[in-house]
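The structure appears below as C-alpha cells.
The values are calculated or read from the model by the stated rules, or taken from the named source; none is laboratory data. What you see is a predicted model, and the numbers here were worked out from it, not measured in a lab. Every residue, glycine among them, receives a Cβ derived from its backbone with ideal geometry; neighbour counts consider all protein chains shown. Accessible surface areas use protein heavy atoms only, side chains included; no ligands, DNA or RNA. Shrake-Rupley method; radii C 1.70, N 1.55, O 1.52, S 1.80 Å.
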Amino acid sequence: MNALTPTQEEAIQAQSSSFWLGSAGCGKTMALHQRLLRLLADGEPAYTILTLVAEPEHQQAFLEAVHQSGLGPYADLKILTYNRLAQEMVELFWPLVARDAGFDKPYQPPSFLSYDLAQLLMWHVISPMFEEGAFADLRLRPQQIVSQLLDTLNRAALNRLSLDEAIERQVRSWVGEPERLVHLNDAAEATRRFREHCVEHSILDLSLVIQVFDTQVVEREAFHKYFRERFRHLLVDNIEEHTPAGQHFVHQLMNETETTAVSYDAGGGYKRFLSADPLGANQFYTASQLRYRFDEHFVTNEPLAHLANVVENYLQQTINPTQLAPEAISHVVRGRYRREMVANLMPILSDLIEQDGVPPSEIAIIVPYLDGALRYMLIQAFKEAGLPARFLRRRSSPRDEPRIRAWLTWLALAHPEREIPVSPFEVEEALTLSIDGFDPARAALLVDALFLEDPTPLLLPITELSETAVERIGETLVELYEELRLWLAEEAQAMSIEAFLYGLFNGLLAQPRFQPEPDLAGAAVCDWLVKAAQRLRQSAERIGFSTSVSEGIAFIDGIRNGLVTANPPELGDPPDPEGILVSTIYGYLLGGKSVDVQVWLETAASGWWDIPNQPLSNAFVLAQSFDLDQQWTAENDFAIRNELLSRIVRGLTARCRQSVVLANSDLDRRGLRQDGPLWRAISPLI
C-alpha cells in the first residue's frame with residue numbers, strides 16, 4: 001500500500017462529520033478502507049459500524065481490506081447498499097409501520113419481490129390491459145413496457161416522489177405528439193394496478209421497500225433510537241451515486257452517530273438512469289463539520305486528462321488544455337466490419353501483454369453495447385489468440401441463452417395442459433443442445449417426422465419413424481430421443497418446476513450417454529432456472545398464480561418474452577479473474593476498477609452518446625432536481641447527452657494509468673456507417 005497523504009491521514013482520524021471531495025483515483029475509497037480499519041484497531045465493535053456503498057460489488061473491497069489487515073473476523077460488520085439496508089429495516093420494523101403504510105393486511109408478514117418476480121407480476125397486471133387495447137401503436141416490445149413501468153415506480157420512490165407526483169411530472173413535461181399522453185395515461189393505470197395488488201397482498205417490490213423505509217421507518221423516533229443505540233460510526237462511499245432517498249437517510253442520521261465520513265466523487269453520478277443525484281449530494285458539504293479536498297491523483301496522467309479535455313471542449317464548448325492529448329492514444333485499430341476490427345485488435349492486445357509487459361488483468365475493453373453477436377465474436381477471437389478474458393454483465397435477458405430456451409421447450413412439452421406453443425425450430429434447437437451427436441440436419445429430420453405442432457404440441461413415439469429415417473439419424477440418437485420423450489411423458493407430470501428442471505438435467509441430460517463430456521454451461525443454466533423457479537413458487541400465490549398451470553405459464557412466458565435478470569447464469573468455464581475485462585461503459589465505471597490500458601471499442605458508435613429510449617419513464621424528468629414548471633425539449637435531450645458523454649470520458653480517463661487504444665469499425669452491425677460524437681471529437685488527434 002502507498003504511504004498515506006497528509007489529507008488522507010487527517011480524514012481517517014476525523015472525530016466528527018466530514019465530507020471528502022475529489023475526483024476518481026484520488027484515494028478517497030482507500031482512505032475509507034483505512035478509516036474502517038482504524039476504528040476496528042482502536043477497539044470499536046464491528047456491530048457499531050455502518051458502511052454504505054453505491055454498488056453491491058463494492059462491498060468486497062472493504063471486506064478484503066479487513067481480511068488482509070489481520071485484525072480478525074468481523075461477522076457483525078454492516079457493509080451494504082442503501083436498497084439492501086432499506087429492505088432489512090422494513091422487515092425488522094414491519095409490525096410498527098405496515099398499517100400506517102396502507103397495507104390491507106398489516107398482520108401478514110411481507111414478501112419481497114426480486115426484480116425477476118416484479119417483472120412477472122407486472123406481466124400479470126398488464127396482460128388484460130393489452131387485450132383491452134392499452135399501449136396500442138407504441139413501438140416498444142412488451143418486455144420494454146414492463147421494464148419501463150417498473151422504472152417509473154422505482155424512480156418515483158428513489159426520488160422521494162409519490163406515484164401520482166411521478167405520473168404528473170411525465171404528463172406535464174411532455175411536448176411531443178399527443179398520442180404519447182395516451183400511452184402515459186395507460187402507464188399510470190398500470191402502475192396503480194401494480195401498486196394496489198402489492199398493498200393488498202403485502203408484497204413489496206423495490207419501489208415499495210424504498211417508499212415504506214423512507215416515509216415510514218426513517219421518520220419514526222423509534223427507528224432513530226434504534227439507530228443511535230446500534231451504530232456509532234457511519235461511512236458512506238460515492239454519495240454522488242446515491243439516490244435522493246438514500247441521501248435523505250444519510251442526512252437524517254449523520255448526526256445520530258459519533259462520526260460520519262461521506263465521500264464524494266467529483267465528476268461522478270453515472271447512475272442517473274437509476275436515480276442517482278450528484279447535485280443533491282452537494283448538501284453534505286455544508287452539513288458536515290469538516291471538509292477535506294483530495295487533490296493528489298494516484299491513477300491517471302496528464303495526457304489522459306487532456307484527452308478528456310478534448311471531448312469536453314467539443315461537447316461543452318469549454319476551453320481546457322489539450323496539447324498532450326495525442327500522447328494518451330497508444331494505438332488505433334480499424335476495420336470495415338466489426339469482425340475485422342476485432343481480428344485486428346487481437347495482435348495489439350498480444351503485443352501489450354508480451355512485449356510491453358501489461359498484465360491481462362490490467363487491460364479493459366469498454367463498449368457501449370455488448371450484444372450477443374459481438375460477445376460471441378470476442379469470445380472466439382480470445383480463444384484463437386490464446387488470451388484470457390472475463391465478461392462483466394450487470395443484467396441480461398436469459399432467453400438469449402440457447403440452453404435456457406431448450407430447457408423451457410422440454411418444460412412446455414412435458415405439460416401440454418399449459419397450452420404453451422412450441423415451434424419445430426425450438427424442438428430442433430433443444431435436441432441439438434440436449435443430446436450429443438444431434439446436428440441440425442438430424443434434428444430437423446426427426447422433428448419433421450415425430451413432432452406435432454397443432455393443436456397441442458406433442459412428441460410422437462419412435463414407432464412412427466420409418467426405417468430409412470432411423471438409419472439416417474442413427475439408432476443410438478433415436479433411442480436417446482425416445483428415453484427423453486418417455487421421461488417427459490411419464491415422470492415429469494407431478495413435479496414442481498424446480499424438481500422437473502433438476503431431474504431433467506442431473507437425472508437425464510447430464511448422464512454420459514446424453515453428454516459424454518461435462519456440460520458446464522448446462523449445469524449453470526440448470527442452477528439458475530431452479531433458483532428462479534424456487535423464488536417464483538415462494539411468492540406465486542401472492543402474485544396471483546394460484547395453480548401449478550398458471551405458475552408454469554408465467555415462468556415460461558416471462559422468460560420467453562424477455563424477462564431481464566440482474567444475476568445471469570455464468571456459462572461455460574468460470575471467468576478468469578486475471579483475464580482481460582470486457583464491460584459496457586456504465587458497468588466499468590460503476591465497478592470502480594482502474595487499469596493500465598483501456599480499449600474503447602466501437603469508438604465511432606453513436607451508443608457512446610445515446611441514452612435509453614424510455615418514452616414511458618424519463619429518468620431526468622423524474623429526478624427530484626427537475627423543475628416541474630419546465631418541459632422536456634429536444635434541447636434538454638441534446639444537452640444531457642453531451643453532459644453524460646463528457647462525464648463518461650472524464651470518468652474513464654480518471655480510471656486509466658497509461659493509455660487508451662481506439663478500436664473502430666466503419667460499419668455497425670446493421671451495415672450503417674458510424675460517425676458518432678465521440679469519434680468526431682477525437683478524430684483530429686489521429
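A few remarks follow.
- Evaluated at q = 0.23 Å⁻¹: base-10 log I(q)/I(0), Debye formula over Cα of the range 69-195: -1.47
- Placing a label point 7 Å from the Cα of Gln316 along the Cα-to-Cβ direction, the residues of the range 612-643 whose backbone N falls under 14 Å of that point are 639-643.
- Approximating the spin labels as points 7 Å out from Cα along Cα→Cβ, the Ala75-to-Arg535 distance works out to 2.6 nm.
- Charge dipole of the chain about the Cα centre (unit charges at C-beta), most positive-ward option of Ile553, Thr476, Pro461: Ile553
- Those trypsin sites (Lys or Arg not before Pro) in the range 104-178 that DSSP places in a loop and that have at most 11 other beta carbons within 10 Å: Arg139
- Phi-derived couplings, Karplus 6.51 cos²θ - 1.76 cosθ + 1.60 at θ = phi - 60°, listed residue by residue for the range 31-37: 5, 5, 4, 5, 5, 4, 5 Hz, with x used for Gly and Pro.
- The H on the amide N of Ala389, modeled in the peptide plane, is under 5 Å from the matching H of Asp576, Ile580, each at least 5 residues off or on a different chain.
- Placing unit charges on the Cβ atoms only, positive for Lys and Arg and negative for Asp and Glu, gives the chain a dipole magnitude near 1700 debye about its Cα centre.
- Pairs of lysine residues in the chain - Cα separation under 29 Å, sequence separation of 8 or more or cross-chain: 12
- Rolling a 1.4 Å probe across the protein heavy atoms gives the range 530-676 an accessible surface of 39 Å² per residue.
- When the GluC sites (Glu not before Pro) in the range 293-335 are filtered for DSSP coil states and for at most 14 other beta-carbon atoms within 10 Å of their beta-carbon, the remaining sites are Glu296.
- Summed residue charge, Cβ within 11 Å of Pro421's Cβ, Lys/Arg positive, Asp/Glu negative: -3
- For the pair Ala523 and Lys105, a Förster radius of 51 Å applied to the C-beta separation gives a FRET efficiency near 0.80, rounded to the nearest 0.05.
- Dipole check for the range 34-88: with +1 at the C-beta of Lys and Arg, -1 at the C-beta of Asp and Glu, and the Cα centre as origin, the magnitude is about 80 Debye.
- The GluC sites (Glu not before Pro) of the range 395-438 that DSSP puts in a loop, and whose beta carbon has at most 12 other beta carbons within 10 Å, are Glu419.
- Under 5 Å, built H, 5+ apart or other chain: amide partners of Leu235: Leu50, Thr51, Leu52, Ala261
- Overall form of the range 42-96 per C-alpha gyration tensor (a/c, 1.5; a/b vs b/c): oblate
- Amide hydrogen proximity for Thr81: with H placed 1.01 Å from N in the peptide plane, the residues at 5 or more positions away or on another chain lying under 5 Å are Val53.
- On Cα atoms only, tilt of 424-434 relative to the major axis of the chain in degrees: 80 degrees
- Three-way shape label, the range 172-331, alpha-carbon gyration tensor, a/c 1.5: oblate
- Separation in nanometres of the label points that stand 7 Å from Cα toward Cβ, at Ser350 and Tyr376: 2.4 nm
- Which of Thr286, Val660, His197, positive extreme of dipole for the chain (C-beta unit charges): Thr286
- Hz values of 3J(HN,Hα) by residue in the range 17-29 - Karplus curve (6.51, -1.76, 1.60), Gly and Pro given as x: 7, 9, 10, 10, 10, x, 6, 4, x, 9, x, 5, 5
- Unit charges on C-beta of K, R, D, E only; dipole of the range 260-403, Debye: 840 debye
- Length gained on full extension, Leu445 to Gln323: 37.4 nm, using 0.36 nm per residue less the C-alpha separation.
- Rounded accessible area per residue of the range 145-276, 1.4 Å, Å²: 32 Å²
- Backbone phi angles across the range 476-487, fed through the Karplus curve with coefficients 6.51, -1.76 and 1.60 (θ = phi - 60°), yield HN-Hα couplings of 5, 5, 5, 5, 5, 4, 5, 5, 5, 4, 5, 4 Hz in residue order; Gly and Pro are listed as x.
- In degrees, nearest ten, helix 302-316 long axis to first principal axis of the chain (Cα): 80 degrees
- Within the chain, antiparallel bridges make up roughly 10 percent of the DSSP beta bridges whose residues both belong there.
- Multiplying the residue separation of Glu490 and Arg673 by 0.36 nm and subtracting their alpha-carbon distance yields 60.4 nm.
- Positive-end residue of Tyr74, Leu52, Leu32, charge dipole of the range 15-113 with Cβ unit charges: Leu32
- Centroid-to-centroid, using Cα positions, the range 30-57 and the range 619-686 are 35 Å apart.
- Estimated FRET transfer efficiency when R0 is 51 angstrom, pair Asp164-Asp666 (beta carbons, to 0.05): 0.55
- In the chain, the portion of solvent-accessible area held by carbon and sulfur atoms comes to 49 percent [1.4 Å probe, whole percent, DNA, RNA and ligands not counted].
- The range 474-515: proportion of alpha-carbon pairs further apart than 12 angstrom, %: 60 percent
- Modelled this way, with points 7 Å down the Cα-to-C-beta line, the labels at Leu685 and Leu92 are 4.8 nm from one another.
- Global form of the range 501-605, assessed from the alpha-carbon gyration tensor, a/c cut-off 1.5: oblate
- Counting only alpha carbon atoms, the long axis of helix 82-97 and the longest principal axis of the chain meet at about 80°.
- Accessible solvent surface per residue of the range 434-516, calculated while the other protein chains remain in place, 1.4 angstrom probe, Å²: 52 Å²
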